[in-house]
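The values are calculated or read from the model by the stated rules, or taken from the named source; none is laboratory data. In this text, all values refer to a predicted model and were calculated from it rather than measured experimentally. Heads up, the Cβs are rebuilt from the backbone with ideal geometry, glycines too, and the neighbour counts pull from every protein chain shown. Only protein heavy atoms, including side chains, enter the accessible area calculation; ligands, DNA and RNA are left aside. Shrake-Rupley method; radii C 1.70, N 1.55, O 1.52, S 1.80 Å.
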Amino acid sequence: MASIKDVAAEAGVSVATVSRVLNGHPSVSPDARTRVLAAVEVLGYRPNAVARSLRTDQTRTLGLVISDVLNPYFTELTRFVEEEARALGYSVIIGNADERPDLQEHHIRTLLDRRIDGLLVSPADGSSPFMPGAAAGGTPMVFVDRWIQGVDVPVVRTDGRAAVRDLVAHLHRLGHRRLAIIAGPATTTGDERVEAFREAMREHGLALPDSYIGQGDFQADSGCRVTERFLTLPEPPEVVFAADNLMALGALDAIRARGLRVPQDIGLAAFDDIPWFLHTDPPITAIAQPTGELGRAAVHALVDIVEGRSPQSVTFPARLVVRSSCGESAANRSSSP
């Protein structure tokens, strides 16, 4: 592997001149710059990123800690984060918390030890004792999708409350009155979705008994387990709303395991639209988040902090995508909000 000394010898200049060219210093003559860049190309020289970081106190590397890499929503979000960071000249190191606060803390400590320039986090829960300290200690940090109350860092997220109201209004128009929800864990997004659902039910004069609220964990098994309980009730719900996509898939498994049909026997809707929902039978009515916009905005907010600017929090609206899993007709689907 070529060294900086090899480049200097090839170009006929000093090592210091090569260093100035590679770091964009304006004091180098055009002729010397051309010879150095030609030598770099010929020798295939790659600067040592670790050595450069020691000189500049920057690694051009961002950390991303997500809640669950197996969740298609977070997989897609990660893709957009990585693409946007690369376009801005940064690399991304990813840590998967698997919805475990202890694993989340492990990843954050490891990333900070590796001298990343900034950190994007979708918190696995809202009670992390480590995160506030890291933020208060000056680590450039942005929360994406989820956040922790009281931690003063920018938040890039979706507000799903209006879309949840649209969903309940849509179900009400279809004639459904017994609506149940599979709630997520006590994260900011999990709490927000349950409260939005409860408020929307109240607006339409619909009851939401405790038996129609099931506690899930954003994993498919919990969606299956909660739905099995719903189906054993003396008066089962007419529609089950799962507060994330994996719990919706678990709910679908439970419904089919009992020989029931969607939507003829029971309707199903979900938060977090994914491409699979278009290809299930029937296609699932869902609330979609603007994942691309979220990922790109989160990267820009973090890079702003790293480069000395002061970004604001950003909130995007979610939207209802009407398909046919709740008994919709073609006319219903074409008039989706």
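Brief remarks on what is shown
- Distance from the alpha carbon centroid of segment 188-230 to that of segment 282-319 works out to 25 angstrom.
- Both radii are taken from the alpha-carbon atoms of the chain; with Rh as the Kirkwood radius, Rg/Rh is 1.13.
- Short to long, the 10 Å bins of the Cα pair-distance histogram for segment 168-230 hold 22, 49, 28, 1 percent of all pairs.
- Local net charge near F316, Cβ-Cβ under 13 Å (Lys/Arg +1, Asp/Glu -1): +1
- Ordered by 1.4 Å accessible area with all protein chains kept, E238, E10, E83 run largest first as E10, E83, E238.
- Using the Cβ-Cβ distance between R86 and E235 with R0 set to 51 Å, the FRET efficiency works out to roughly 0.45.
- Long-range Cα-Cα pairs in segment 124-194 (distance over 19 Å), rounded percent: 47
- Note on the chain: GNM, Cα springs under 10 Å; of Q104, Q58, Q219, the largest mean-square fluctuation is that of Q58.
- Accessible-area rank, largest first, for H172, H279, H106, H300: H279, H106, H300, H172, with all protein chains present and a 1.4 angstrom probe.
- Max-minus-min Cα coordinates of segment 247-337 on each principal axis give 58, 30, 17 Å, with the largest extent listed first.
- Other residues within the sphere of radius under 14 Å centred on the Cβ of V69, judged by their own Cβ, net out at -4 (K and R +1, D and E -1).
- Segment W276..R173, full-extension length gain: 34.5 nm, with 0.36 nm per residue of separation and the alpha-carbon distance subtracted.
- Angle in degrees between helix 188-203 and the longest Cα principal axis of the chain, rounded to the nearest 10: 30
- In segment 243-314, trypsin sites (Lys or Arg not before Pro) in a DSSP loop with at most 10 other beta-carbon atoms within 10 Å: R309
- Largest accessible area first, the listed residues R161, R198, R173, R323 line up as R173, R161, R198, R323 when surface is computed with a 1.4 Å probe on the assembled protein chains.
- Electrostatic bookkeeping for D102 treats Lys and Arg as +1 and Asp and Glu as -1; over the other residues with beta carbon under 14 Å from its beta carbon, the sum is -2.
- Probe 1.4 Å, protein heavy atoms only - accessible area per residue of segment 91-227 in square angstrom: 41
- Accessible surface of segment 109-198 [probe 1.4 Å, protein heavy atoms]: carbon and sulfur percent: 46
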